[in-house]
Structure formats: C-alpha cells, structure tokens
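Enquirer: Take this structure, written in structure tokens, and hold onto it; I'll ask about it next.
Here, each number is a calculation from the coordinates, and none is a lab measurement. Note that the structure is a prediction, hence the values are computed from the model and not measured. Here the Cβ positions follow ideal geometry from the backbone for every residue, glycine too, while neighbour counts run over all protein chains shown.
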Amino acid sequence: MTDLAHAPSDPHPADDPVPVPITTRKDWSSDQEVRWCPGCGDYSILAAVQMLMPDLGVRRESTVFLSGIGCAARFPYYMNTYGMHSIHGRAPAIATGLATTRPDLDVWVVTGDGDSLSIGGNHLIHALRRNVNITILLFNNQIYGLTKGQYSPTSEVAKVTKSTPFGSLEQPFNPLSLALGAEAGFVARTHDMDRKHMMETFRRAHAHKGASFVEIYQNCNVFNDGAFEKITGKEHRSDMLIPLVHGEPIRFGAEGQHGVVLHNDGSVEVVEVAAVGESALLVHDEHRDNPGLAFQLSRLSRGPYEPTPIGIFRDVDRPEYGEEMARQIDEATARRGQGDLNALLRSGSSWTVE
Amino acid sequence: MSNTTQPKPPHLLDRVVIRFAGDSGDGMQLAGDRFTTSSALFGNDLATFPDFPAEIRAPAGTLAGVSAFQVHISDHDISTAGDSPNVLVAMNPAALRANIDSLPKGATVIVNVDAFEERNLVKAGYESDPLGDGSLSAYTVYEVPMTSITTEVSKEAGVKPRDAERSKNFFALGLISWLYTRPIEGTMGWIEEKYAGKPLVMEANLRAFKAGFHFGETTELFESSYEVKPATLAPGEYVNVTGNTATAWGLIVAATRSDLPLFLGTYPITPASDILHELSKHKQFGVRTFQAEDEISGIGAALGAAFGGALGVTTTSGPGVDLKSEMIGLAISLELPLLIIDIQRGGPSTGLPTKTEQADLLHAMYGRHGEAPLPIVAAKTPSHCFEATVEAVRLAVKYRTPVILLSDGYLANGTEPWKLPDLDQLPDIDPGFATDPNHVDDDGNAVFWPYLRDPETLARPWAPPGLAGLEHRIGGLEKADGSGNVAYDGANHEKMTRLRAAKIAGIAHDIPPTDVDDEDGAEVLVIGWGSTYGAIAAGVQRVRARGHKVAQAHLMHLNPFPADLGEVLSSYKKVLVPEVNLGQLSRLLRAEYLVDAISFTQVQGVPFRAAAMESAILQQIDGTAERFAAEATGSTDTIEKGSLR
Ligand SMILES: Cc1ncc(C[n+]2csc(CCOP(=O)(O)OP(=O)(O)O)c2C)c(N)n1
Ligand code: SF4
Ligand SMILES: [Mg+2]
C-alpha cells in the first residue's frame, strides 16, 4: 500500500539523486505573450521573479503559481511552471489545500489589492493565521486595474475614480498592519522600481517556512499612474524610502542623515540623526517575537508621500500548518497502525446473520 | 389487570414503532440510539428518525424544546421509520403535547408523571392536566414516576441531589427495554465504557437503567411485555449506520481504493458536520480534514488539493451550497475531480436547519452561471450513502469533473442495519495520472497539452505538479481545445462548451440502466430519488398487498439520467413522482422526455408517510385514494397532506 499521507505524484523525495538542473530566466518564462499594458509595473515584478528563480535551487516542476482575478492575477500564465488562474479572491484558499497536501511543492500566490483585501480578505487573513506554507505576493497598485479603474481597499481617502466621482469615503487598509494583525510570521514590503530589492525580498520570503506576505508597490500607469512616484521615483528614493536592515540602526537619506527612534510610549518617529545622536536610533530586529514594533513601523508612514520603510518587517518561525497536519497523521498511524478498512467498517458494534 | 407475580411470557409482535420524546436536555437521542443498537444486535430490521429542534437548548419544558427519536423495529424487512408511533415515551407535558397528534387511537403512552406539575403544564400550553381531564381516553396511558425513582437510586449512589435526576433517560430506556424484551447486557457494558472516567455518573446511569427495567418487571402496571423476533435478513455481517457515517466511510474506502490521499475542506453546518467529525477521527488513513473559514474556502482548498493529486471533497448544506457555486464553476472549467456533498435541509435561507427536504436538485443541476453541467448522484437510504459516495468518487475521478452527491437530513441522521459490503467487489477507481507529454508541437518537440481529451470518455489528463515536462497553466478563462491556452474566439468557445456537455452526457452509457421493480401489467410507475425511497417502497408494498399492480423505480443518477429512462417512462400510462419539494425531478423528466409526469409533493421537514404514499398511488390507479387513506392509518394523514399537481 502506498503511503496515503503523501500524494502519489511526489517524484522528488528529499534524497532525490537527480540534481536540480541549472536554469536561466528563459527556462522560467512560458511561451505565452505577456499582455499587460505597456509600462505597467507588473512587467518588472515578473522579470524579478523570473530572474530570481534560477538562483533559488528549486525545480520548475515543483513550483506552482496560483492567483485569483485581476491584472496581477494573470501572472501564472507567464511562468513556465505549474499554475492556476482561479477566481477572484480565493487563491489563498486553493493554495491552502494544495500546500497542505503537497509539502514537496513551492506554492506562490500572486494577488492584487482588490483580490486579496476586498473580496478575498477573509481567505488572506486565515491563511496567514494558520501559517500555511505559501509565499504571497500582493501587487498593490491602489486601484482596480482589470475592471478599469475603480477605487480599491488601499486607495487613499477622497480618491476620485470612475466609481467615486466625488471622492471615495473609505479609510484604506494598511496591508502590512493587516498582515501583522493576522499573525503573519513573515511580512515585507518592496516596490516595482527596484529589481534588486524585489529579488532580495522575494528570496527571503521564499526561504521562510510558513506563510510569507510581501506587499509590492506597483504602478498602474493607466488607471493610477504615479501613485508611488513621490517615494519610489529615482530622485526621491533616498529621502523617502527607509530600508530596514536586520541588526542595523534604522536610518536613511543620501548621507544617512535621517533615522527612526522608538519613544517610551511605544511609538516610532522619523528624526534627524544629528539632533538625537546615532545611539538613539532604533535597531531593527526582524526576529522579535512580539509584532508590536513591526506594527508601529508599518504605520510610520501614512501613505506613499511620507518616508516609508521597505524591506523585511518581521521574520519569525511558527509551526507550519501542513507540517502539523502531517504530524497528526503520522502520530495517529504510529498509535493505531495504518488504516484498516475492515476495522473501520466495524468500528461500531457489528453482528452476524447466519 | 393481572394479579399474578409470575412473569408472563412476552406477547409476540411483528413490528413496533416507538418514539422517545423529551426536552432537548433530557437525553432522548441517546436513549433512542441505545435502544436501536440493542435491537440491531438482537437481529431486528429497523429504521430510525431522530427529530430535534434547531436550538441546542430551547427553554426547558416548552414545545420548541422537544427532541424526539423514533425507531421502528421489525421481524421482517422494513423501509421506513414508521408512519406513527405505537408507543410514545413522554418525559414531560411538552413532549406529550408535541407528539400526541401523531399517535393512532389505541396507542400506548408512557409518561414521566413527576413532570406533570403546574409549571410544566403551563409551559406546554395545557389548560388542564391531560392525565386527569380525560383527553387521553383514546390511548392506553401509563403514569410512571421516572424522576423520583431515578433521583432516589442516584442519591444512593452518591450523586449530588442537583444532578440526581439527570439519569432519567436511562430509566426510560430500562423500562422500554423490559417492555420489549431487549437484552440489557449490551447497554450496561456500554454505560460502563462510556462513563468510565466519571464513576459517579456511571453508577447513577446503571442504577437508573436497572431501576427502569425492574420497574417494568415488578410493578403490575403493564399487562405483559412484548417481543419482536429477529428479522430474517440475508446472511452476512451487519452494522447499524447513519447516512453521514456511511458517507464518511465511503470516502475513506474510495480514497484507499483509488490510492488517492483524502482531503476534506469544509465549514461546519447542520446536518453535514458529522461527516467532518467522523473523518477527523480516522487520520491513520492519511485523511486530512480542514475546517475552513467559510464554505468558499472549504471547497477552494478541496479544489487546490485536487489540483495537487488528492481526492478533494467538500461537505455542506443549505446556505453553504449557495456559497460554493462559483468554485464549482471553476472546477467545471478546470476539469478536475472534486466531490461536493450536499446534505439537503429545509430552505430557503436558514430555513429548517434540522429538518429534511430534497429541494436542492434544481440547484445542483442549474445553480451556476454559464453552461456548467456536472454529474449528480443521490443516495436513497442511510446505508446507501456508502455506495452512492463511492460511485460519485468514481465518476469524479474518471471524468475529471466536480460531482454533486445529494443526501439529506433524514438520511444523514437516520439509521438502518447495513450488510457490510465485500470491498473487493467495489468498482475500480484509477486516477490514471498523466505521466508523459502527449503531443508534438510544430517544431517537433514533445509537449504536454492539458486539454487533449481521452477520445472515449472526453476526460482530460490529470497532471498534478511534480513531473518535469508536464508543467502547465490552467484557469477559469476559456481554453483552446487541446492546448489549454487562453482562447477568446467564439468558435472555440462553442466547441469547448459542447465538449464539456458531451462529456457529462456520455456518462449515461457508463451507469446501470434504470432499475425498475415491476409486476407485469402495471400501468402506473412511481419514480423517485433520494430519501423518498423508503416511503415509496412501503407505499408500493401496501398497494400491492391490496391486489393492485404498480411499478417502482428509484434514480441514483440524476444527471445524466440512465440511457434507457425515456423508454422506461413511456412504457407506463401514468408516471407519479413523489418528492419532498415542489416538484423538481418531475420538471426535469417533463423537460427531458415530454412525459406527463404527475408530481406528488410535501414539504413539512419530515419524510412522506407510507399511508400518504399508498393513497397517492391508489388515486392514480383507480381514484379511490380518500377511502383507502382513511382506512389505512386511522390518522388524519390523508392525501391532503401532500399536494398532487
Ligand atoms: C466574483 C467576481 N466579482 C467581480 C469580478 C470583477 N473583477 C475582476 S478583477 C477585479 C478587481 C481587481 O483589482 P485588483 O485585485 O486590485 O487587481 P489589479 O487588476 O489591480 O491587478 C474585479 C472587481 C470578478 N472577476 N469576480
Ligand atoms: S490596467 Fe494597470 S495594472 Fe492593469 S495591466 Fe494596465 S497598467 Fe497594469
Ligand atoms: Mg489593484
């Protein structure tokens, strides 16, 4: 009898003698024509992922990209891996079933701000809470792209769009605060203008066991052009992006002249290093068990017009859902032996008619 | 009344219907369940009908809080839990009031007389005490001080006065066990095992149970005891199962036979939750159960597991069915195996959560946007849930399609003895995963086309991630025939739409022909589906016993129908379709076969009564329904209870 705890098609056990082949970006690109609008930020994210994959030491056939619906969600069609373009908002649910039954796979979820924070908000928070072994890339363009420009749950208040000609009335979600509140173990932010930073962030997200959440500021040049320009534009970056580096004091600016301090009441603030002294700066710690400080950092900036931290906010280990499920199966099997159908059918009282 | 203290030999009965009724907190389901088990082990044929309120604990003593368990035991083959009880055990005035109307005149009523005090009478809405005002003169009433005797024997065991009366359900069980000559060792052993961790409770329950039994034996209240001899069931090994247990076991067996890991993604809902509970106990079979955040996630995760090469299953009921529609559509588009189990309950909306109905057939058939056909399989009795589940899995895996399995609240909670099947006789289920590229592209390269179909079944290859060279992307956008690439052109869409429909329609040739139970010369065919089976079979039997001819057919496959169904229908003068809905199968039959199907329906949250079925059939045969109905049951259960259209 085969081992029922594992899918029949796990052809690469841990001791697989076949080495992972050397690949290039081309091997990870499908033959499908990429159909995003010219100039869309999605292109550079796709390039970053395709260029990173050969570096990760993983197999194409053991890699799966899942998505919901939206412009961002077309992503799986362009990866030469296994993939599924599913329905609006539900990719984390589908990924939960796949990742828990197939621990041998690398499961990536690509989603938009509407897909993951509006219709799919429930699945997102629960996948993070359960710590399913998936890597979630949230392409945040603060707009509904595919449906041609309605405001989204990350659009700023008073945003004028096709569906809000007099301005939107809603307080937006802060995706990182939400993820941290949902108990995510790995939370990071990057942006579509910096390939190197994206690749590094994705590499770390992939390496993390359990649910990893990466928000990517992504420019929709058709319906929300320049949404992040004030912070990601080349000339603004050094003053407006705050790189978080584990173990280092948090500082930014061309000369490192700005920094972040932690106040006694638990709040964080941007300061001039000259005014407070270097030793007063907050030293970033990704592995802090308490998410409170990461939460404060996620709210340091009120929007992409103020100095905004990027990088890894939190990276802590928690028991992974699929592994725990498998553990219970192993324990039950060790305790009772492999399932016996005849015993199952007689688990109540049986009697015999001669 | 007899004066002798010598035990009299028990009086033989061929069958009896007993209804245990009390407050939700009185433990009536437990008492009924134990009585059922000892009757099953004794060898009776039986059928049960648990009937409980939607509230876990409605205010004590009120009509809304009455919980009942009906069991029909017999020395011959029976198919229903009985139209009306011969014996009612009423633990309080509310239980009496809620059930007395379903008793035929002359029936036996055993009441816990201690509960008939002013306060309880008022709560039950009685203006005067029915035990004293003559209103029960048509029945044989036994007044038994169940609470006081139970309290007394429990206190002797050391139970706190406050808890002492809680064992009274075991007193009632003991009394009925004596009255119907049930062996008691089984129940005593069960009490000892079940309450091993709570010695006081165990002792109190044992004492109450024995006290009930001895009460029957020693008081001279009852004229004699009764016995229902074992039924002559076909030789074999039997267990007593509920439909939900049989469904859960069917899943484990089908998963094992197909060598697929079983994944259940689900969200708790009555009356489907017990499948989750049962499966979660059996992890040693590699079963993964996932209690999702909602129904959409439950089915989504099941579909994700199916994409990964597992047997993906979701279970639900009522409103949960609605939530799954979009994901079912995706599964139809992805052409992946997936099993959706709908334990139907009364609707719309929250409806009657604990009551049965079979009103989801048209939803299963059409409840999705676009042309989105899928196979539908329905179980007909509690134990048949096993076979129906295995069949649904077979179709899902072979045809790479979501399948809806319809059960309902009556099947889910009802029980019957089930002759254990020979597992080797079950159908083969071969996942037949894709292993190699299946196509050569224009440049002569071997490639994998996920939508290149098997010419015979029209099923597409199932290629879970993991194999090099078979990488592919699928999705809900329309796909090009063969390559599976995104395709928008109209001609391709029409082709794919027709292919998906033809794949499902073709299953008609892979299922057995209509199973018709006919006596030569019958002009009326009664055809049903799902849990009406028992009532239809009983009705047909009664009609035949009157010397009439009538044919019966019951459909397990509702989409597609068996290939010969049109022919079968057209060979009868009249086709009667009883359903616990407003006429859903009858509509499908009319649409598909232009047959003048006569719909006979009822939606009261309970199964049809055999007597109602009998008169509906007789009316079709010779139009004399009313007379026979009245005669058949002596109850008010005439044809007006159902509606003929
Ligand atoms: C159930 C459902 N409702 C609505 C839609 C329409 N719809 C498609 S994409 C989308 C919003 C996408 O926005 P976002 O997730 O931000 O992705 P983007 O296009 O911006 O990348 C909507 C509302 C749908 N496909 N399915
Ligand atoms: S609409 Fe916006 S997000 Fe969508 S492809 Fe065009 S630019 Fe990109
Ligand atoms: Mg968006």
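Enquirer: Determine which aspartates and glutamates satisfy two conditions relative to B:LYS229: a Cα distance under 16 Å, and not lying fewer than 8 residues away in the same chain.
Expert: Within the straight-line limit of under 16 Å, B:LYS229 reaches these aspartates and glutamates: A:GLU354, B:ASP14, B:ASP45, B:ASP75, B:ASP77.
Enquirer: Sequence neighbours fewer than 8 away in the same chain don't count; with that in mind, list the aspartates and glutamates whose C-alpha is under 15 Å from B:LYS573.
Expert: List returned: B:ASP518, B:GLU519, B:ASP520, B:GLU523, B:ASP596, B:ASP622.
Enquirer: Something else: Give me the distance in nm between label points sitting 7 Å out from Cα along the Cα-to-Cβ direction at A:VAL157 and A:GLU354, one decimal.
Expert: So the two model labels end up 8.5 nm from each other.
Enquirer: Continuing with this model, one more query. Can you flag which of B:LYS105/B:LYS355; B:LYS324/B:LYS380; B:LYS123/B:LYS281; B:LYS198/B:LYS281; B:LYS380/B:LYS495 are past 31 Å Cα-Cα?
Expert: Numbers: B:LYS105/B:LYS355 26 Å; B:LYS324/B:LYS380 24 Å; B:LYS123/B:LYS281 40 Å; B:LYS198/B:LYS281 23 Å; B:LYS380/B:LYS495 36 Å.
Correct reply: B:LYS123/B:LYS281; B:LYS380/B:LYS495.
Enquirer: Could you list the chymotrypsin sites (Phe, Trp or Tyr not before Pro) in segment B:377-474 that lie in coil according to DSSP, counting only those with at most 16 other Cβ atoms within 10 Å of their Cβ?
Expert: none
Enquirer: Antiparallel versus total DSSP beta bridges in segment B:516-641: what percent is that, nearest 5?
Expert: DSSP beta bridges in segment B:516-641 are roughly 15 percent antiparallel.
Enquirer: If you don't mind, another one. Using the Cα centre of chain B as the reference point, and only Cβ charges (+1 on K/R, -1 on D/E), how large is the resulting charge dipole? Debye, rounded to the nearest 20.
Expert: 760
Enquirer: Next up: Using a Förster distance of 25 angstrom, determine the FRET efficiency expected from the C-beta separation of A:THR147 and B:HIS277, and round it to 0.05.
Expert: Taking R0 as 25 Å, the efficiency between A:THR147 and B:HIS277 is 0.05.
Enquirer: While we're on this one: Are there any trypsin sites (Lys or Arg not before Pro) in segment B:453-498 that are in a DSSP loop and have at most 11 other Cβ atoms within 10 Å? List them by number.
Expert: Here no loop site has a sparse enough neighbourhood.
Enquirer: Please compute the modelled spin-label separation between B:THR218 and B:LEU30, points set 7 Å along Cα→Cβ, answer in nm with one decimal.
Expert: 2.5
Enquirer: Something else: Provide the FRET efficiency to the nearest 0.05 for the B:HIS11-B:ILE56 pair, computing r from the beta carbons and using R0 = 56 Å.
Expert: For B:HIS11 and B:ILE56, the calculated efficiency is 0.90.
Enquirer: Further, regarding this structure: Order these by the 10 Å Cβ neighbour count, fewest first: B:LEU334, B:LEU13, A:LEU137.
Expert: B:LEU13, B:LEU334, A:LEU137
Enquirer: A further question on this structure: Using the Cα centre of segment B:188-345 as origin and beta-carbon charges of +1 (Lys, Arg) and -1 (Asp, Glu), tell me which of B:TYR226, B:LEU260, B:THR242 is placed farthest towards the positive end of the dipole.
Expert: Looking along the dipole axis, the top candidate is B:LEU260.
Enquirer: With unit charges on the beta carbon (Lys/Arg positive, Asp/Glu negative), name the residue among B:VAL141, B:GLN344, A:LEU300 whose Cα is farthest towards the positive pole of the charge dipole of the protein assembly as shown.
Expert: Farthest towards the positive end: A:LEU300.
Enquirer: Mean residue ellipticity at 222 nm from the helices of chain A, using -39,500 (n - 2.57) per DSSP H segment of n ≥ 4 over the full residue count, to the nearest 500 deg cm²/dmol? Walk me through the intermediate numbers first.
Expert: Values: 11 runs with 92 residues, N = 354.
Here the helix-only value at 222 nm equals -7000 deg cm²/dmol.
Enquirer: Output the relative contact order of segment B:516-641, whole-number percent, from Cα pairs under 8 angstrom with separation of 6+ residues.
Expert: Numbers: 216 pairs, mean separation 33.6, N = 126.
Computed over segment B:516-641, the figure is 27 percent.
Enquirer: Charges only on Cβ, +1 for Lys and Arg, -1 for Asp and Glu: so what's the dipole of segment B:432-510 about the Cα centre, in debye to the nearest 20?
Expert: Value, rounded to 20: 360 debye.
Enquirer: Further, regarding this structure: If you take every DSSP beta bridge whose two residues both sit in chain A, what share of them, in percent to the nearest 5, is antiparallel?
Expert: In chain A, DSSP labels about 35 percent of beta bridges as antiparallel.
Enquirer: Also: Taking the Cβ-Cβ separation of B:LEU323 and B:GLN291 as r and a Förster radius of 22 Å, what is the calculated FRET efficiency to the nearest 0.05?
Expert: Computed FRET efficiency for B:LEU323 and B:GLN291 comes out at 0.90.
Enquirer: If I model a spin label at A:TYR43 and B:VAL113 as a point 7 Å from the Cα along the Cα→Cβ vector, what separation in nanometres do I get?
Expert: Once both label points are built, they end up 9.3 nm from each other.
Enquirer: Placing +1 on the Cβ of each Lys and Arg and -1 on the Cβ of each Asp and Glu in segment B:239-425, which of B:ALA364, B:THR289, B:LEU323 has its Cα farthest towards the positive end of the resulting dipole?
Expert: Selected residue: B:THR289.
Enquirer: How do B:297-306, B:144-153, B:36-45, A:292-301 rank on mean C-beta neighbours within 10 Å, highest first?
Expert: Taking the mean over residues of other Cβ atoms within 10 Å, the ranking is B:297-306, B:36-45, B:144-153, A:292-301.
Enquirer: What percent does the relative contact order of chain B come to when contacts are Cα pairs within less than 8 Å and at least six residues apart?
Expert: Relative contact order for chain B comes out at 11 percent.
Enquirer: Which entries in the list B:LYS155/B:LYS210; B:LYS549/B:LYS574; B:LYS398/B:LYS503; A:LYS162/A:LYS234 go over 18 Å, if you measure between the two C-alpha atoms of each?
Expert: Pairs exceeding 18 Å: A:LYS162/A:LYS234.
Enquirer: Among the aspartates and glutamates, select those whose C-alpha is under 20 Å from the C-alpha of B:LYS160, and discard any that sit fewer than 8 residues away in the same chain.
Expert: B:ASP26, B:ASP114, B:GLU152, B:GLU192, B:GLU203
Enquirer: With both bridge residues required to lie in the protein assembly as shown, what share of the DSSP beta bridges run antiparallel, to the nearest 5%?
Expert: Percent antiparallel among DSSP bridges in the protein assembly as shown is about 40.
Enquirer: Of the peptides B:262-270, A:144-152, B:93-101, B:168-176, how do they stack up when ordered by the mean number of other Cβ atoms within 10 Å, highest first?
Expert: B:168-176, B:262-270, B:93-101, A:144-152
Enquirer: In percent, what relative contact order does segment B:241-310 have, based on Cα pairs under 8 Å that are 6 or more apart in sequence?
Expert: Once divided by the residue count of segment B:241-310, the mean separation gives 37 percent.
Enquirer: Which value in deg cm²/dmol, rounded to the nearest 500, describes the helix-derived mean residue ellipticity at 222 nm for chain B, given -39,500 (n - 2.57) per DSSP H run of n ≥ 4 and division by the residue count?
Expert: -10500 deg cm²/dmol
Enquirer: To continue, here is another question. Starting from the Cα-Cα distance between B:ASP424 and B:LYS549, subtract it from 0.36 nm times their residue separation and give me the gain in nm to one decimal.
Expert: Answer, rounded to one decimal: 41.2 nm.
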